[in-house]
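The values are calculated or read from the model by the stated rules, or taken from the named source; none is laboratory data. This one's a predicted model, so the numbers in the text were calculated from it and none came from an experiment. Because the Cβ atoms are built from the backbone with ideal geometry, glycine has one as well, and the counts that use them run over all protein chains shown.
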Amino acid sequence: MVQAAVKRTIPLAIIAFGVGLVIALFVALARMSSQPWFSAPARLFVSIIRGTPLLVQLFVIFYGLPEIGIKFNSFVAAAIALSLNVAGYAAEVVRAALESIPRGQWEAGSTVGMDYRTTLRRIILPQAARTAVPPLGNIFISTVKDTSLTALILVLEIVRTAQNAAASTQKFFPVYVVAAVIYWVICLALSFLQSRAETRLSRFVIA
């Protein structure tokens, strides 16, 4: 099960969170747009993702899409579903963090000759990150635990490995306890890293 965590669970969570965070940034910026053809699709995306269970999203991508000729292996399907799920929730976190930055910060960037992208990258995002890190850290931890659902589409992660071991040994209680402990240890490590990240980003807070 430790091998499954290293080869499947952790990489799957990292890929899903990384891709999902990039999508979330674009969705958040679209949500903030005054142009309805940007904001409306972004709102719809967030509504669909937040309004449907992750398990259903996994089934739609892995079992549903092949019916219209789009087929992915189990790992890729899981990565896509988890990435979209992360994006749907993280987009609102990112949007709230961006909107918490005073308008004067945008104006300050414009005053010194920065364009929109440069101001966003060098002034706004570093400050917004301090606000966004705690909830985004929680989303990442949740994503690690959500990888357990991918066992239902045959991804050989911790839970699937535990199911196979329990079925062959008929020792369900100790096997699933070990699986729970592995998840717990991973989440403890992630919580520690989250705390360190919050401390490092605190230097971007303007007094």
* To do: Restricting attention to the range 55-80, report how many residues are in contact (Cβ under 8 Å) with a residue 60 or more places away in the chain and either within 19 Å of residue 22 (Cα to Cα) or in contact with a His (Cβ under 8 Å, 6 or more places away or on another chain) (or both).
  => 3
* Got a sec? Which of 131, 118 is assigned to a helix (DSSP H, G or I) and in contact with a Gly (Cβ under 8 Å, 6 or more places away or on another chain)? -> 118
* Asked: Has the range 170-189 got at least one residue that is at pLDDT 90 or above, of a type in the set (D, E, K, R) and either over 23 Å from residue 59 (Cα atoms) or part of a loop (DSSP other than H, G, I, E, B) (or both)?
  -> no
* Please give the helices (runs of 4 or more DSSP H) falling wholly within the range 1-99 in which 2 or more residues are closer than 23 Å to residue 184 by Cα. => 10-32, 54-59, 74-99
* Asked: Given 53, 41, 36, which one is under 28 Å from residue 129 (Cβ atoms) and loosely packed, with under 14 Cβ neighbours inside 10 Å?
  -> 41
* Asked: Of the conditions (1) more than 22 Å from residue 150 (Cα to Cα); (2) under 16 Å from the mean Cα position of the chain (by Cα), residue 104 fails just one. Which one is it?
  -> (2)
* Assuming residue 105 fulfils every condition listed in (1) part of a loop (DSSP other than H, G, I, E, B); (2) surrounded by 13 or more Cβ atoms within 10 Å (Cβ to Cβ) apart from one, which condition is it? -> (1)
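Conditions (1) of a type in the set (A, V, I, L, M, F, W, C); (2) under 21 Å from residue 97 (Cα atoms), marked per residue:
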residue: 22; (1), (2): yes, yes
residue: 27; (1), (2): yes, yes
residue: 33; (1), (2): no, yes
residue: 40; (1), (2): yes, yes
residue: 44; (1), (2): yes, yes
residue: 47; (1), (2): no, yes
residue: 56; (1), (2): yes, no
residue: 59; (1), (2): yes, no
* Whichever residue in the range 146-192 is farther than 24 Å from residue 136 by Cβ and of a type in the set (Phe, Trp, Tyr) and, among such residues, is surrounded by the fewest Cβ atoms within 10 Å (Cβ to Cβ) -> 173
